[in-house]
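The values are calculated or read from the model by the stated rules, or taken from the named source; none is laboratory data. For clarity, every value in this text was computed on a predicted model and none was experimentally measured. A quick note on method: Cβ atoms are made from the backbone with ideal geometry, for glycine too, and the neighbour counts reach across all protein chains shown.
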């Protein structure tokens, strides 16, 4: 089922077209990565989807509701974490979330339970009574995720959820995002300018640049499309004998093998991980690590970044 | 509607828990000291001459000063403190939420956007009402103890209207502060601009109309009256003047019309007044236009901020 749909969505500020005829379709349950450099129009698109900004032309729908005309219905089923999310600093984490619950028509015991559950899910249960002013950036971001969970939305929009957070915090937040998406069957739209983060959690990607949606689809689709169907597989072996390398080279679909000592980069027409591992084990080799690299997608993204 | 009450409740909690409320407590304390002095003066001067001794608590000169910058009576103190209360409660209403990043989270909840600003205004008005009511009750209680004269029914009604007009007056400054907090992104800028507008009306506006009055020469008596009227009308462009006039007429029943005010505040008051007091209804009619304009001004301020807030785009910048 299509959860999010835009039709020729356009936003013009003065003489600049910030979002230009964007047609987007996101299915229910997908984690969609919105990729693009700063100023590509990601945030504006999200704001129009949420009904916070009215489009100059075109339409946006979430779960069948028109984002502009039925903004309140949309806001009831959609959660949003803005790029610079803020909380009332003089209120505790719990009070902040209870306020959100009340605004969504959840009161009393039910609100209390929902808030405790959400704080537990993001690992802030111990600090529930603490004033938000003492929270670090990473903790605030997790609190923002809890803030969304309180609402129990069908869709969540996360605008640059990892900016300004240390690597450990980023891992924590990305894991949290994929976890809540799975356990609540939530559709998530996450914007970022970092491909690596998008690749870690998202099943589908849309790349935006200068207001245009350049391409959208599943990560595999895009990688193939971008790299003329080339896939790079990186493997590490306990010992890379010439025998093994030769056998890989002879596999149908393998275009080239390069690399030094025990790590090899294999370029092939499609995902040949299964065949490659079989060949290696047949030859008595041991794989210590194997990774499917999407260099191709990164190339495309870098080209866009440079162009912008 | 329930989201409106949720936001109002939260805003009220904010007001009561914040440093602003501590400032307002000092306001209450200041008001009480004034009454203390006023009651002493009334005791030593007037003894049973007037029918409205209790009301004179609020208007009697409490502190003799040579400069107009220091309020002399409880009433003139209120003319200063109500704006302060309104400005304190409204000066960062919208822009602090915007700077904090809470506004974009708030507007993404299922809530009509006007509920946010309506609730903020309502919470401010309720706070002002509570403060003013507390002051009036405290002052009445102290006056009752120190003078030993209970208020008559009419005096209570007049005090009730004093409360209502005081709240409207505080509401005007609250509305103005909220308006500037929607117009300016920085809290410091909106605060300074609001305070500047207030200072303009307190300090500079009198200088302007006094110098205009001095420039106009009048040879005949008819001309002199005409000029005086013009100056009075000029003063009425100031919301502070509107408050002073309506309050004076309501709390000093002997006062026949607001135009006598200039004389009252410049010279020894009572001499120009007929001693028979007006009925409450007549007093209200005398200042009806002042009250109406105050309400209009308050509404305009709020309406402007409402419009600005409704059509503004909220981005997390």
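Looking at region A:74-88 only, could you name the residues that are assigned to a helix (DSSP H, G or I) and at the interface with chain B (Cβ under 7 Å from one of its Cβ atoms)? Within region A:74-88, A:75, A:76 qualify.
If only residues of region A:30-43 that are within 16 Å of residue A:20 (Cβ to Cβ) and surrounded by fewer than 22 Cβ atoms within 10 Å (Cβ to Cβ) are counted, the one that is farthest from the other protein chains (Cβ to nearest Cβ) is A:37. Listed by position, the helices (runs of 4 or more DSSP H) enclosed by region A:137-203 that each have at least 3 residues that are at pLDDT 90 or above and surrounded by 23 or more Cβ atoms within 10 Å (Cβ to Cβ) are A:137-151.
Within region A:89-98, is there a residue that is more than 8 Å from chain B (Cβ to nearest Cβ), assigned to a strand (DSSP E or B) and either more than 22 Å from residue A:180 (Cα to Cα) or within 24 Å of the chain's Cα centre (by Cα) (or both)? The answer is yes; a qualifying residue exists.
Restricted to region A:125-136, and to residues there that are surrounded by 15 or more Cβ atoms within 10 Å (Cβ to Cβ) and within 14 Å of chain B (Cβ to nearest Cβ), the residue that is nearest to residue B:108 (Cα to Cα) is A:132.
The residue pairs whose first member lies in region A:86-111 and is free of Cβ contacts under 8 Å to residues at least 60 places away in the same chain, whose second member is surrounded by fewer than 18 Cβ atoms within 10 Å (Cβ to Cβ) and in a strand (DSSP E or B), and whose beta carbons are closer than 6 Å, counting only pairs six or more residues apart or on different chains, are A:92/A:131. Within region A:44-73, restricting attention to residues that are in a helix (DSSP H, G or I) and within 21 Å of the chain's Cα centre (by Cα), the residue that is farthest from the other protein chains (Cβ to nearest Cβ) is A:45. The condition of being modelled with pLDDT of 75 or more and touching a helix residue (DSSP H, G or I) at 6+ places or on another chain (Cβ under 7 Å) holds for only one of B:286, B:303, B:281, B:258, that being B:286. Screening region B:95-213 for helices (runs of 4 or more DSSP H) wholly inside it with 1 or more residues that are surrounded by fewer than 17 Cβ atoms within 10 Å (Cβ to Cβ) returns the ranges B:95-100, B:113-147, B:153-183, B:187-199.
Every residue, every condition in (1) within 14 Å of chain A (Cβ to nearest Cβ); (2) at pLDDT 80 or above; (3) assigned to a helix (DSSP H, G or I), yes or no:
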site	(1), (2), (3)
B:4	yes, yes, yes
B:16	yes, yes, yes
B:21	yes, yes, yes
B:36	no, no, yes
B:46	no, no, no
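Inspect all residues belonging to region A:110-122 and state whether any of them is modelled with pLDDT of 90 or more, within 13 Å of chain B (Cβ to nearest Cβ) and touching a strand residue (DSSP E or B) at 6+ places or on another chain (Cβ under 8 Å). Please lay out each step first, then the result.
Narrowing region A:110-122 to residues modelled with pLDDT of 90 or more: A:110-122.
Checking which are within 13 Å of chain B (Cβ to nearest Cβ) leaves us with A:111.
Filter once more, so that each one left must be touching a strand residue (DSSP E or B) at 6+ places or on another chain (Cβ under 8 Å): none.
The answer is no, given that none of the residues of region A:110-122 is modelled with pLDDT of 90 or more, within 13 Å of chain B (Cβ to nearest Cβ) and touching a strand residue (DSSP E or B) at 6+ places or on another chain (Cβ under 8 Å).
So which residues in region A:4-38 are assigned to a loop (DSSP other than H, G, I, E, B) and touching a strand residue (DSSP E or B) at 6+ places or on another chain (Cβ under 8 Å)? Listed by number, the residues that qualify are A:28, A:29, A:30, A:36, A:37.
With respect to (1) more than 22 Å from residue A:33 (Cα to Cα); (2) more than 12 Å from chain B (Cβ to nearest Cβ); (3) crowded, with 21+ Cβ neighbours inside 10 Å, the lone exception for residue A:104 is condition (2).
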